[in-house]
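Input: a single structure, listed below in structure tokens.
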């Protein structure tokens, strides 16, 4: 498991209309490799608005549709939920992700 990897996560809530969602791991590698049970992830949505805190992704990253990583909606997910590997970000996309996270979190 590495930073920048995409995983499809299944949510077992029957009332949820979207039972699966793809997330990208954004935690630093030392946390991912640690005994912590969860990692910080950003959701990926097919709806995108070009906001500066979003990173455009698509087929090159293993997705079926053009989509966007939404860095304004970070969540903590248990590592055991991240089992359905989809793909990973290129070095260039990881750089874009870092920029988008800085914008979303308003940090230098």
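Where a number appears in this text, it was derived from the coordinates with a stated rule and is not lab data. Quantities reported herein were computed from a predicted structural model and do not represent experimental measurements. Cβ atoms come from the backbone with ideal geometry, glycine included; neighbour counts cover every protein chain shown.
Here is how the numbers come out for the structure above:
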{"item": "Candidates 33, 51, 66, ranked by Gaussian network fluctuation over the chain, Cα under 10 Å, top entry", "result": "33"}
{"item": "Ranked list, fewest to most other Cβ atoms within 10 Å of each Cβ, for 96, 61, 5", "result": "96, 5, 61"}
{"item": "Peptides 83-95, 34-46 ordered by average Cβ neighbours within 10 Å, highest first", "result": "34-46, 83-95"}
{"item": "Inter-part distance where segment 18-38 and segment 39-59 are each reduced to a Cα centre, Å", "result": "16"}
{"item": "Mean shadow area of segment 5-105, taken as a quarter of the surface of its Cα convex hull (nm²)", "result": "6.5"}
